[in-house]
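Report on one structure; see the data block that follows.
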Amino acid sequence: MIDSNEPLPVPSQAELLNVNRSSGYYLQKPITEADQQLMMRVDRLHLEFSFAGARMLRGLPRQEF
């Protein structure tokens, strides 16, 4: 999308793409294995308990540990 190695400055690239200029400088952090496992568990719980809201889902992973 936005490439800092291009001759066109980042602000101009952002304007052409109609995105926030700060998004051109953002570097993603890698997701840790523990976070990945927790997200996968929450996804499985959400599929298992499709009726559950955010408050109920929030407490379910804690009960397992």
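Rule-based calculations on the coordinates, nothing more; no lab input. On a predicted model such as this, the values are computed, not experimentally measured, just so you know. Methodologically, a virtual Cβ is constructed for each residue, glycine included, from the backbone with ideal geometry; neighbour enumeration extends over all protein chains shown.
Rounded to the nearest 500, what is the chain's calculated 222 nm mean residue ellipticity when only DSSP H runs of at least 4 contribute -39500 (n - 2.57) each, over all residues? Theoretical 222 nm ellipticity from helices: -16500 deg cm²/dmol.
Relative to the first principal axis of the alpha-carbon coordinates of the chain, what is the inclination of helix 54-64, with its axis defined by its Cα atoms, in degrees from 0 to 90 and to the nearest 10? Helix 54-64 and the main axis of the chain meet at about 60 degrees.
Among 26-39, 1-14, sorting by the average number of other beta carbon atoms lying within 10 angstrom of each residue, highest first, gives 1-14, 26-39. Look at the alpha carbon pairs under 8 Å that are at least 6 residues apart: their mean separation over the length of the chain gives a relative contact order of 19 percent. Angle, helix 33-48 long axis vs. longest principal axis of the chain, Cα atoms, 0 to 90°, nearest 10? Long axis of 33-48 versus the principal axis of the chain: about 60 degrees. What is the diffusion coefficient of the chain in µm²/s, taking the Kirkwood radius over Cα pairs and the Stokes-Einstein relation at 10 °C with a viscosity of 1.306 mPa s? Approximately 105 µm²/s, per Stokes-Einstein.
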